[in-house]
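What follows is calculated from the coordinates using simple rules that are stated; it is not laboratory data. Here the structure is a predicted model, which means the values were calculated and not measured. Neighbour counts are summed over all protein chains in view; Cβ atoms, including those assigned to glycine, are modelled from backbone coordinates with ideal geometry.
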Amino acid sequence: MNRRAAVLILIACLAFSLTCIIYPLYVIQPFRAQGAHELAAALLVLRYKLAAATLSAFAALAALVFYWRAQNRWWRRAVATAGALLVCALAALSRVNVYELMFHPDAHPVFRAASQVKLDSDEKVIAVRLGEAARAYPIRIVSYHHVINDVLDKVALVATY
Amino acid sequence: MWSREIAGLRLTFHLAGINNQNFLMRDEETGTYWQQISGKAIAGPLQGSQLTLVHSDELNFGTWKSEQPEGTVLADVPRYAFEYAPKNWDVRMQRAPTVIDFHEHALKARDLMLGIRASGASRAYLYDQVVREKLVKDRVGSEAVLLVVGPDGQSVRAFRDRIPGVPGVPDFYRRPDGLLIDASTGSEWNFPGCAVSGKAKGTCLEPVEVLKDYWFDWRNYNPATTIYGRK
């Protein structure tokens, strides 16, 4: 591999990794309409972005090794290294669920007896009853976390709002 | 409210995005993406699958607690509680913009509707209208349904307009104290839909799932919906 090829690979990896991160974020925005096809494309990218970004990082590092061997100028090596590190950083970022950064999950929901809870009587709740077990999920809580994975009377359910 | 069990798996869901202001979920186990309102898998290994609905009601806490004093309540997460919506979140949401709209039936995008799907049909009821009428007797497709407003004047439940084991039309009407009476057995029925006196005492009406949703969202997923009281 010559220097030129190594640089092209580095640039391609950077562009590819940036696309993997930015495209779904662009399409899936709260106050933007999503078309069916672009949503499908964005979800496809989301499904594979971790693997794709990781492969891209390995390719970038491999290209960097070849570039270092073929390039003596320190500042060009530094630029190439920065590019490769950026690709690696994007691979790490691809693990981040930005939606759960905005709305933190309630990974271990806690429940209290109705008699111990101080809520206004007109507070809205989602109420479910299974067998003899009854549970209420205040909408102000669920609407923030969006998803509450739960088990009630041995039934695994998810409260959503 | 959805069951987490499907295809022999117990799924754990996470918030994963948004689709025209209805959010997407992703399960840890398969990486499939699910639409929150429909429970349908829209991408991933289980694409096309449908989660099973678990019946739930949207009620005022006071009403729920009076019915289920031994029940349990989801607690807030203290470190995120300051980010929860304020008490008047529903009023503030009325002013939030939408990215899609359907200019039909003279409805505004954020008009609050009560949506019912039954016997292959979908029908929506203006929430304010149901609250005013307190008892709505209607049909969704071939299914006769009742929408009943609770004693708090805000909670709404829906039932099949049929008393199990009793032939014919029940012909419910509402007493000023909020109890329902059916003309066919003369029984009194409470807000949870169970007869508390009369020939049908101990019998409960079959609940029908009703979704409280904004018009734009309900219409987006129910394009053939009809509207109660409007052509």
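Over the stretch B:23-171, what lengths in whole Å, largest first, do the semi-axes of the equivalent ellipsoid take, defined as the square roots of 5 times the eigenvalues of the alpha-carbon gyration tensor? Before the final figure, lay out each step's value.
Details: eigenvalues 161, 107, 83 Å².
So the three semi-axes of the stretch B:23-171 are 28, 23, 20 Å.
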Within 10 Å of each Cβ of A:29-36, how many other protein chain Cβ atoms are there on average?
-> 5
Over chain B, what is the mean sequence separation of C-alpha contacts under 8 Å (at least six apart), divided by residue count, expressed as relative contact order in percent?
-> 16 percent
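Going by the alpha-carbon gyration tensor, a ≥ b ≥ c the square roots of its eigenvalues, is the stretch A:114-160 rounded (a/c under 1.5) or, if a/c is not under 1.5, prolate (a/b greater than b/c) versus oblate?
oblate
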Give me the Debye-computed log₁₀ of I(q)/I(0) at q = 0.14, 0.19 Å⁻¹ for the stretch A:3-101, equal point scatterers on Cα only, no solvent, two decimals.
-> -0.56, -0.84
Within the set B:S187, B:S155, B:S66, GNM on chain B using Cα springs under 10 Å gives the largest fluctuation to B:S66
Which shape class, rounded, prolate or oblate, goes with the stretch B:130-231 when its Cα gyration tensor gives a ≥ b ≥ c as root eigenvalues, a/c under 1.5 marks rounded, and past that a/b bigger than b/c marks prolate?
-> prolate
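Please report the relative contact order for chain A, taking Cα pairs under 8 Å with a sequence separation of at least 6, and give it as a percent rounded to a whole number.
Details: 167 pairs, mean separation 33.1, N = 161.
21 percent.
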Could you let me know the centre-to-centre spacing of the stretch A:44-68 and the stretch A:84-108, using Cα atoms, in angstrom?
-> 17 Å
Across B:154-162, the residue-averaged tally of Cβ atoms belonging to other chains within 10 Å stands at 1
Per residue, the convex hull enclosing the alpha carbons of the protein assembly as shown has a volume in Å³ of 165 Å³
Per-residue ellipticity at 222 nm for chain A, helices alone: DSSP H runs ≥ 4 residues times -39500 (n - 2.57), over residue total, nearest 500 deg cm²/dmol?
-> -19500 deg cm²/dmol
Tell me the chymotrypsin sites (Phe, Trp or Tyr not before Pro) within the stretch A:1-100 that lie in a loop according to DSSP and have at most 10 other beta-carbon atoms within 10 Å.
-> A:F31
Can you list which of the GluC sites (Glu not before Pro) found in the stretch B:1-39 are DSSP loop residues with at most 11 other C-beta atoms within 10 Å?
-> B:E28
Once you average over the residues of A:127-135, how many Cβ atoms of partner chains fall within 10 Å of each Cβ?
-> 6
Quick one: what are the phi-derived ³J(HN,Hα) couplings along the stretch A:22-28, Karplus 6.51/-1.76/1.60 with θ = phi - 60°, whole Hz, x for glycine and proline?
-> 7, 4, x, 5, 5, 5, 9
Starting from the stretch A:1-59, pick out the trypsin sites (Lys or Arg not before Pro) whose DSSP state is loop and whose Cβ has at most 16 other Cβ atoms within 10 Å.
-> A:R32
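For the stretch B:48-96, how big is the tail of P(r) above 18 Å, as a whole percent of Cα pairs?
60 percent
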In whole angstrom, how far apart do the alpha carbon centroids of the stretch B:185-230 and the stretch A:132-154 sit?
-> 22 Å
GNM, chain B, Cα, under 10 Å: largest mean-square fluctuation among B:F216, B:F172, B:F13?
-> B:F13
Among A:L14, A:L85, A:L130, the residue with the largest mean-square fluctuation in a Gaussian network model of chain A built from Cα contacts under 10 Å is A:L130
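Calculate for chain B the 222 nm mean residue ellipticity that helices alone would give, adding -39,500 (n - 2.57) per DSSP H run of length 4 or more and normalising by residue count, nearest 500 deg cm²/dmol.
Theoretical 222 nm ellipticity from helices: -2500 deg cm²/dmol.
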